[in-house]
1. Looking only at segment 35-58, decide whether some residue is open to solvent by less than 100 Å² (accessible area, probe 1.4 Å) and at pLDDT below 80.
2. What's the number of the condition G144 fails, among (1) over 17 Å from L176 (Cβ atoms); (2) modelled with pLDDT of 65 or more; (3) loosely packed, with under 11 Cβ neighbours inside 10 Å?
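The values are calculated or read from the model by the stated rules, or taken from the named source; none is laboratory data. Not measured: the values here are computed from a predicted model. For neighbour counting, all protein chains shown are included, and Cβ atoms are generated from backbone atoms with ideal geometry for every residue, glycine included. Calculation scope for accessible area: heavy atoms of the full protein, side chains included, ligands and nucleic acids excluded. Shrake-Rupley method; radii C 1.70, N 1.55, O 1.52, S 1.80 Å.
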Amino acid sequence: MGEHDSEPEDVILERLQEAASGDATVRQLRRRYDLLRQDYERLLDRLAELEDRLAEATRAQAGSSPSSVAGALSEAIAAPLLQLRQEYLAAAASIAQVVAGLEGLAGGLKGQKSARPPAEPPPAGQADSELRGRRLQVDVRGKGFGELLDFQERLANLEGVARVSINAIDNERATLIVELE
């Protein structure tokens, strides 16, 4: 009977080990579920906020045609995106100024002058479509920051190029925005 008693103990020990390892998995799944649930609740809150905005816009335009309600819906949905776009453009302009300042500083430290004076921002009345027609995005690979910045400087010195700004950069890649004259 001693042999039969040890076999059930091994089975029980295996079941306990499975249960113990399962607890960690269950805790991890529960934690992920809780995070997803929180994200879901935040999205529901945001949706409710957008629905309230839409309802307010609809009430404000009561008696208007259905096309104006659709226009209000489009505006309510696009407003946060347009605001984000404006903030991004402002941040990009600030970053471009910092990069231009760093280029000037680097040139001054080397005893050189900057290749070009900083380009003035386009007039406020100029249309976005005109800017899009004169801008190109260039993805570049290099062996380091120095090589990528040298390429940017050489590109900026080409005829017909008004300005070259860095959109994104890391050790091996850079995305440059080239504005043509």
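1. Checked against the condition, which is being open to solvent by less than 100 Å² (accessible area, probe 1.4 Å) and at pLDDT below 80, segment 35-58 yields at least one hit.
2. (1)
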